[in-house]
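Inspection log for the structure reproduced underneath, given as structure tokens.
The values are calculated or read from the model by the stated rules, or taken from the named source; none is laboratory data. Computed from a prediction, not measured in an experiment: that's the story for all the values here. Note: areas computed on protein heavy atoms with side chains; ligands, DNA, RNA excluded. Shrake-Rupley method; radii C 1.70, N 1.55, O 1.52, S 1.80 Å.
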Amino acid sequence: MKTITISHAFVESIPKPMQPRMVYISIRFAMVGHLCCCGCGEEVMTPLNPVRWRLEYDGRSVSLRPSIGNWSLPCRSHYWIINNSIQWAEDWSEAKIARAIKADRRTLDEHIEYEMVERSPDQTPAPGWFAKLRSWLVRNR
């Protein structure tokens, strides 16, 4: 498949309808939304958090890691968003998808357990990457 160039926009909330080849980033809701890059028109929503997807912004372009695997969509497209371009990835077998889903759930469960550990009032956690990104975006608007 050929490389597709996309645009990005930082928005308060993800608009309806979304435009093709546009990635919408809502810092407020920690969410990235776009229409599937294969052209099928399906909405793809990716939650930003330390164990799901992370956004990289260099002041000009965005990257989203890890890859986007639309396994529940009929198209089953699989791609990376890197520096405002789509890099197509290989199709995965059902077994590989099942292993990845199981590993993702385990990682998410471990993260949730860690976050739920009781902290005394004087133990304020250091700001995470998302808080740092939000602060940077507010300062540099």
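Summary table
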read-out: In Å², nearest 10: area of residue 48 left accessible to a 1.4 Å probe; value: 10 Å²
read-out: Candidate residues 45, 18: accessible-area rank, largest first, probe 1.4 Å; value: 45, 18
read-out: Exposure of residue 52 as accessible area (Å², to 10), given a probe of 1.4 Å and all protein chains; value: 90 Å²
read-out: Tensor-based shape of the stretch 7-90 (alpha-carbon gyration tensor, a/c under 1.5 rounded, otherwise prolate or oblate); value: rounded
read-out: For residue 42, solvent-accessible area (1.4 Å; no DNA, RNA or ligand), Å²; value: 80 Å²
read-out: Carbon and sulfur %, accessible surface of the stretch 25-89 computed with the full protein complex present, 1.4 Å; value: 48 percent
read-out: Largest-first ordering by accessible area, 1.4 Å probe, given options 82, 101; value: 101, 82
